[in-house]
Amino acid sequence: MVELLKVHGSLNAFFILDQTKLTHPLTDPELVAFTRKITDPATGILGGADGVLVVNQPTRAGAVAEMRVINADGSEASMCGNGLRTVARYVAERDQLTDFKIDTMNASLRVRQQDDFAAGVPAFAVEISPVKFANTALPYENLGHQRLIDDLVPELLPGLRFTAIAVPNPHLISFVSKEELAGDDLGELGHRLNTANPYFTDGVNVNFAHILGHNSLFVRTFERGVGFTNACGTGMSATSLAFALTHPDQADFDKPLNVYNPGGMVKTIVHHQQGQYWIELIGNATFTHTLELSEEALHQADLSQVNNINETGEQTNYQQFVAGLPKLDF
């Protein structure tokens, strides 16, 4: 039998599948079929999820594992910050490590165990990089800019300023009022830019952020391949960098930022070293359930064979942590 984990970072929920423990790893079409099935709120398990995190053998020297991110719609993301924290915890416990590197699509990223966020809420810090600003890195076109840094973009929405950053996932960011954050524009723009459009032809993650105070933000994300999500780790990281770049009087480099989201809160630290930007994302790595499935059923995406579903009890601890956060009227 193969053990799967249901996990989340800031309620950005996933299933972890460790393919190093399989006799025969799934093919890519099998991974897509399995992901679409298990993450679907109607046909999946435990209410579905935002994607499947696949743990493989490392592909680069110095790393101990590889993480692939298969979104709920079957597309593959180059990175997932919330997911990487949970994979980091899984690998740390599997291999008895506290500070190591995990391969992602574009880079080997450092991950480190942190002090618990709260009682019974394990936390990990993960590196978010590389950072790119050029339109070709996201990519986008037909917007009259080779890069967007706090620019008016009338082709998208009137009156709002946008910043575009690849980390390496592509992110479009706007700092907005509370009223704009609660309105319909984020959903409408996110849907428009993630269907056929002349601007972001590969789609883009769209983030609306409201500044709460010095080094403090609330971020809401429409995620490519997912839609509205409780939190997006790379989105909060890219938005933190945009905050520090465009509001230098309100955000500091090399100091923790509190970034709130619909699923809870993380901390980020924005760095600029040797001419390069990178972000440290620190937050919970919660395991909510374990479940078992035969390898044959896994290859066939036959969820009728799932058994031994057990709660870990960690979700109660996380809910208590969230209940203790400042109340925000969003």
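Nothing in this text is a laboratory measurement; each read-out follows from the coordinates by a stated rule. Please read these numbers as outputs of a predicted model, since none were measured by experiment. Please note: Cβ atoms are built from the backbone with ideal geometry, for glycine as well, and neighbour counts cover all protein chains shown.
Neighbour counting of Cβ atoms within 10 Å sorts the residues Arg192, Arg89, fewest neighbours leading, into Arg192, Arg89.
Label point of Gln273 set 7 angstrom out along Cα-Cβ; within the stretch 225-264, amide nitrogens under 14 Å from it belong to 254-255.
Going through the cross-link list Lys267/Lys327; Lys37/Lys267; Lys6/Lys267; Lys37/Lys178; Lys178/Lys267; Lys21/Lys132, which pairs have a Cα-Cα distance over 27 Å in this structure? Over 27 Å apart, Cα to Cα: Lys37/Lys267; Lys37/Lys178; Lys21/Lys132.
Annotation: amide H of Arg161 within the under-5 Å range of Phe175, sequence separation 5 or more or interchain, hydrogens built in the peptide plane. The DSSP beta bridges internal to the chain are antiparallel in roughly 80% of cases. In order along the stretch 174-180, the Karplus-derived 3J(HN,Hα) couplings, from 6.51 cos²θ - 1.76 cosθ + 1.60 at θ = phi - 60°, round to 9, 8, 10, 6, 4, 5, 5 Hz, and Gly and Pro are given as x. Length gained on full extension, Leu22 to Arg94: 24.4 nm, using 0.36 nm per residue less the C-alpha separation. Working from Cα pairs under 8 Å separated by at least six residues, relative contact order for the chain is 20 percent. When you filter the chymotrypsin sites (Phe, Trp or Tyr not before Pro) in the stretch 247-286 for DSSP loop state and at most 16 other Cβ atoms inside 10 Å of their Cβ, you are left with Phe253.
Packing here is the average count of other Cβ atoms within 10 Å per residue, and on that basis the peptides 241-249, 15-23, 168-176, 92-100, highest first, run 168-176, 241-249, 15-23, 92-100. At q = 0.11, 0.13, 0.14 Å⁻¹, work out log10 I(q)/I(0) for the chain with the Debye formula, treating every Cα as an identical point scatterer and leaving solvent out; two decimals please. Listed by q, the Debye log ratios stand at -0.66, -0.94, -1.09.
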